[in-house]
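What follows is a single structure, written as C-alpha cells, with notes after it.
The values are calculated or read from the model by the stated rules, or taken from the named source; none is laboratory data. None of these values were measured; they are calculated from a predicted model. Neighbour counts are summed over all protein chains in view; Cβ atoms, including those assigned to glycine, are modelled from backbone coordinates with ideal geometry.
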Amino acid sequence: MGHTCEEAAPRALPTRGLDVVDGCIVVLVVLCFLLQSCMPFAPKRFGDMEYHPPAKALAAAIRGAGSWQGVHVSEFPFPVLYYAIPYLAVPPGSPDRTYWAAALIWMAAWVSACVLLLRRTAEHIGGPLAGKLAAALTLAPPFVVYYSFGVAAEVPAWVGATLLAYGWVRCAVDGQGDGLTRGGLVAGLAGSTILILSRPNVVLIVALAAGAAIVLRTRPDVQSRRQMRFAAACATAMAAVVLGGFALTRHPGRSPSATPQGSELAHVVFHGRFQYRWEPWDWRFWGRETRHGSKDYAAWSRQLAYLERVSAQRGVDLGQLEWQWALNDVRHHPALALRSGLVRLLALQVALVNSRPPDAFHVGPVGGRVIYIAFHVFLNALSLLALSLAIWAVVSKPLRLAQWWPLWAPWAALTLFHALIYAEPRYLLPGRPGITVLAGVALAPVLRRAWARPPAPTSNRGGVPEGGQRQVDAA
C-alpha cells in the first residue's frame with residue numbers, strides 16, 4: 001500500500017529514554033571523530049582566529065584570571081560564548097592546543113546529542129526507520145565531524161538548526177489545539193536565535209519563516225494554526241535579534257559599512273565579485289597559497305590594493321569603497337554577475353579538499369589522483385543523494401512547503417545568500433540538519449516497499465481469476 005501525505009505527517013510517539021540504537025549512534029559519532037583525527041587533512045584548528053581569542057579572553061574574565069576590558073566580540077557573538085564554556089575547564093596559561101582539545105570534546109558531545117535529536121525529529125515525521133536513516137545520513141558524509149575540528153561558527157549554527165527542527169516537531173506533535181508546548185517553543189526559539197547569532201548570513205530565513213506563517217494562517221486545520229504560531233514566534237525572535245544587533249553596532253554619523261559586521265560583509269561582497277569571474281571552473285579555496293596562478297585572485301589583489309590606497313589618501317572607510325565598487329560592477333556587468341551566481345550555486349553543493357594535494361591521498365599501494373577522485377566522488381555522491389531526496393520530500397507534496405519550513409529554510413536561505421555573495425561549501429553546514437531529516441523521511445517508504453515480502457500466490461483452481469481474492473479483500 002502506498003504512503004499518503006497523512007501517513008507522513010508528524011505523529012505522536014511514545015515518550016522514551018535512550019535505547020540501543022541511541023547507544024550505537026553515540027559510538028558511531030565517537031568512531032567518526034577518531035577516524036577524522038587520523039585523516040591527512042583537517043580544517044584549521046582556530047579558523048581565521050575570529051572566535052578563539054575572544055572566547056579565551058571571556059573564559060579568563062569569568063574565572064577572574066583576566067580583565068573584562070580585554071573581552072571584545074567583533075564577529076558573531078554566540079560562537080564566542082559557545083567556545084568559552086569548554087575553555088572554562090582549561091587552566092589559564094595553558095597552550096592553545098589544550099584549549100582546542102577542550103573545544104573538540106565539547107563539540108563531540110554536542111554532535112552526539114544533536115544526532116539523537118535529529119533521529120527523533122525524523123521519527124515523528126516518518127516513523128522509526130526514517131529516524132535511523134536521518135542519523136545515518138548525518139554521519140555519512142560526516143561533514144559536521146570534520147568541521148568540529150576547527151573553532152569556527154559552522155558547528156554552533158548547526159546545533160541551532162537542529163534545535164529549531166526538533167522544537168518545531170515537538171510543537172507540531174504535542175501541542176493541544178492552537179497552543180504550543182513550552183519545551184518545543186523554547187527549543188525552537190533557542191535554536192532559531194542561536195542559528196542567526198552564529199551565522200547572520202542566514203538572515204533570509206526571517207522572510208521565509210514569516211512567509212510560512214502567512215500561508216499557514218490561511219489554512220483552517222488546527223495543526224496549521226499551531227504551526228503558524230510557531231513560525232510567527234521564530235520569525236519575530238530572529239527579526240528582533242537582527243534589528244537589535246544592527247542597532248547595537250551602529251555608530252551615529254558612520255555608515256553601516258564602518259561597523260565590524262558591515263565592514264566584513266563589504267569585504268566578502270567585494271571579493272565575491274572576483275570569484276568565478278574569468279575562471280568559472282577554478283574552485284580552489286580563495287587564498288594566496290591555494291590560488292597560485294589564478295587570474296581572478298590576481299585581479300582581486302590588485303583592485304584591493306588600489307582601494308586601500310584610495311582609502312588611506314582620502315580618509316574614506318575601506319568598506320564603503322568596496323560596497324561602491326561591487327554595486328557598480330553588478331550594474332555594469334549583469335550577465336557576468338548572473339553567470340558567477342549560477343556557478344556559485346553549483347559549487348556550494350560540492351565538497352573539495354583544498355588543504356592537501358592529490359598525491360597525499362593513499363589507500364595501501366594505490367595513491368595519488370585515483371584515490372583523490374574516488375574519495376571526492378563517493379563523498380559528494382552521498383551528499384547530493386541526501387539533498388535530492390530532501391528536495392523530493394518537499395516538492396512531491398507542495399502543501400508541506402509551509403508546514404516544514406524549519407527543515408528546508410536554513411538550507412535555502414544560506415544557498416541563496418551565498419549564491420549571490422560568495423561561496424564556500426562549509427557555509428551550508430547549518431542547513432544540513434533539516435536536509436538529513438527530509439532525506440530520511442523520503443527514503444524510508446522506498447526501503448519499506450523494497451523490503452516488503454511479495455504476497456503469497458493464490459490458487460487458480462475453481463475458476464477464480466488470479467488476484468481476484470486480493471481484490472475482494474482490498475474492497
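Before moving on, here are some points about what is shown:
- In region 118-135, of all residues being crowded, with 19+ Cβ neighbours inside 10 Å and among the hydrophobic types (A, V, I, L, M, F, W, C), the one that is farthest from Trp168 (Cα to Cα) corresponds to Leu133.
- Any hit, region 449-463, residues being out of contact with any His (no Cβ under 6 Å at 6 or more places or on another chain), among the aromatic types (Phe, Trp, Tyr) and modelled with pLDDT of 85 or more: yes
- Search result, residues across region 89-101 that are in contact (Cβ under 8 Å) with a residue 12 or more places away in the chain, among the hydrophobic types (A, V, I, L, M, F, W, C) and over 26 Å from Pro200 (Cβ atoms): Ala89, Val90
- Output for region 1-22, where each listed residue is loosely packed, with under 12 Cβ neighbours inside 10 Å, modelled with pLDDT under 85 and in a helix (DSSP H, G or I): Glu6
- When we screen Ser383, Ser340, Ser388 for residues that are polar (S, T, N, Q), touching a Phe, Trp or Tyr at 6+ places or on another chain (Cβ under 6 Å) and closer than 20 Å to Thr415 by Cα, the only hit is Ser340.
- Qualifying residue in region 23-31 (condition: surrounded by 12 or more Cβ atoms within 10 Å (Cβ to Cβ) and touching a His at 6+ places or on another chain (Cβ under 9 Å)): no
- For region 347-359, the set of residues classified as in a helix (DSSP H, G or I) and either modelled with pLDDT of 95 or more or surrounded by 15 or more Cβ atoms within 10 Å (Cβ to Cβ) (or both) consists of Ala347, Pro358, listed by residue number.
- Looking only at region 269-297, residues that are assigned to a loop (DSSP other than H, G, I, E, B) and modelled with pLDDT under 90 come to 13 in all.
- Residue in region 237-251 that is under 23 Å from Leu321 (Cβ atoms), modelled with pLDDT under 90 and in a helix (DSSP H, G or I) present: yes
- For region 362-420, filtered to residues that are outside any helix (DSSP H, G or I) and surrounded by 14 or more Cβ atoms within 10 Å (Cβ to Cβ), the residue that is modelled with the highest pLDDT is Trp404.
- Residue within region 16-33 that is closer than 30 Å to Asp359 by Cβ and without any contact (Cβ under 8 Å) to a residue 12 or more places away in the chain present: yes
- Residue list for region 48-64, filter: touching a helix residue (DSSP H, G or I) at 6+ places or on another chain (Cβ under 9 Å) and part of a loop (DSSP other than H, G, I, E, B): Glu50, Tyr51
- Taking the conditions (1) surrounded by fewer than 19 Cβ atoms within 10 Å (Cβ to Cβ); (2) within 25 Å of Leu163 (Cβ to Cβ) in turn, Tyr87 satisfies each one other than (1).
- Annotation: of all residues in region 289-303 being surrounded by fewer than 18 Cβ atoms within 10 Å (Cβ to Cβ) and touching a residue at least 12 places away in the same chain (Cβ under 8 Å), the one that is farthest from Val353 (Cα to Cα) is Gln303.
- Residue within region 89-96 that is at pLDDT below 95 and not in a loop (DSSP other than H, G, I, E, B) present: yes
- Total residues in region 47-103, condition of a type in the set (Val, Ile, Thr) and closer than 19 Å to Phe149 by Cα: 4
- Taking region 182-202 as the range and being surrounded by 24 or more Cβ atoms within 10 Å (Cβ to Cβ) and polar (S, T, N, Q) as the test, the residues that pass are Ser192, Ser198.
- Selection of first residues in region 65-84 that are in a loop (DSSP other than H, G, I, E, B) and of second residues that are modelled with pLDDT of 80 or more and exposed (fewer than 13 other Cβ atoms within 10 Å of the Cβ), restricted to Cβ pairs under 9 Å at least 6 apart or on distinct chains, gives the following pairs, ordered by first then second residue: Ala65/Pro91; Ala65/Pro92; Ala65/Gly93; Gly66/Pro92.
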